[in-house]
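Before any comments, here is the structure.
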Amino acid sequence: MANCSRCKYMVLSGLLVVSTCIFSSCQSDRTLQHSKLQQAAMRSMTDVERQIALNNQYRADYAARYSVYRCENPGLPVIQSYKPPTDNNYSIIVSKLRPIELAPSIVVRIQLGKVIWVKDRNGPRRTSTRHILEVAGREMARAEGLLTKSSDGRISGNSTIQFNEATHEVLIEDFIGGAGARYRHIAFLPEHGSALGKDDLPFKWRTVYVDLPSHVLVGSELGEIGKVHGILNGKIYVEMNGQFYAFPVDDFVEEKLEFTLG
């Protein structure tokens, strides 16, 4: 009887092992089949479809990563936007470049400079260009820009200046194209609690280089940053894919000013 029970146990154990193997094999086959179907679907997509799919994924990743900064349409107070004079090729016309008056006694001027190579001519670079904020005739802040002036007098890059009339905050966007294209965002902000000087304007200001969030854009060397609507109370308001985000400048400080062009 004991031998008989042992035989039954061995038979049942064998059946269980066989069943498990069959189940595992089926699962493995299904996983492999699903993977092959995915690969086949990817192969059947055109290059354009693959690009659209990837861009949609990057946008979804951006929305998830920065969801904590999402907000409603901010309804910003009046934001004025200014650009230096440019020719038909969107290159700054140096002879027409003048200080830009943002409001009475508040002026931004661009002091154009040349490229400064950090190590050698094939490596990273900086510039001697400066954006300078003057209030009531006094310099209150300055920042290193991306624009550069070549030996033949041509200017590489361009700028947009946004000014919040209610808070006197200034946001500058520099852009330089070509291989290695990139943006730089600079905020000039009145210091909180600053005493007021001439014309009741803030007497102390600070400069913040802002690494504004972006996501990869397939087929482009430049990340997509969305539409910048302006700055209010230390936050830059951006519209990306129909959603609004408020990015505090102090959460996205850019400390490395070196850049590389192809």
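Taking 0.36 nm per residue of separation and subtracting the Cα-Cα distance, what length does fully extending Ser91 through Ile116 add? Kindly include the intermediate steps, with their values, before the conclusion.
Working: separation 25, 0.36 × 25 = 9.00 nm, distance 2.04 nm.
My answer for the length gained is 7.0 nm.
Could you put His192, His229, His215 in order of accessible surface area, largest first, with the 1.4 Å probe and the full protein assembly present?
His192, His229, His215
Whenever you get a sec, compute what percent of the accessible area on the range 48-128 sits on carbon and sulfur atoms (1.4 Å probe).
48
Using the Cα centre of the range 68-251 as origin and beta-carbon charges of +1 (Lys, Arg) and -1 (Asp, Glu), tell me which of Gln162, Ile110, Gly226 is placed farthest towards the positive end of the dipole.
The Cα lying farthest towards the positive end belongs to Ile110.
Here are some pairs, Lys114/Lys227; Lys83/Lys114; Lys96/Lys256; Lys204/Lys235; Lys96/Lys235; which of them have Cα atoms lying more than 27 Å apart in this structure? Please report the intermediate quantities before stating the final value.
Details: Lys114/Lys227 29 Å; Lys83/Lys114 20 Å; Lys96/Lys256 31 Å; Lys204/Lys235 19 Å; Lys96/Lys235 32 Å.
Check vs 27 Å cut-off fails for Lys114/Lys227; Lys96/Lys256; Lys96/Lys235.
How much accessible area per residue does the range 68-251 have, counting only protein heavy atoms and a probe of 1.4 Å, in square angstrom? Provide the component values of the computation, followed by the final result.
On the way: 9240 Å² over 184 residues.
With the other protein chains kept in place, the range 68-251 gives 50 Å² per residue.
Around Arg142, with a cut-off of 11 angstrom between Cβ atoms, what is the net charge of the other residues, counting Lys and Arg +1 and Asp and Glu -1?
On the way: positive: Arg109, Arg130; negative: Glu134, Glu139, Glu144.
Taking every other residue near Arg142 into account, the sum is -1.
The values are calculated or read from the model by the stated rules, or taken from the named source; none is laboratory data. For clarity, every value in this text was computed on a predicted model and none was experimentally measured. Note that each Cβ is placed from the backbone with ideal geometry, even for glycine, and that neighbours are counted across all protein chains shown. In case anyone asks, the SASA skips ligands and DNA or RNA and just uses the protein heavy atoms, side chains included. Shrake-Rupley method; radii C 1.70, N 1.55, O 1.52, S 1.80 Å.
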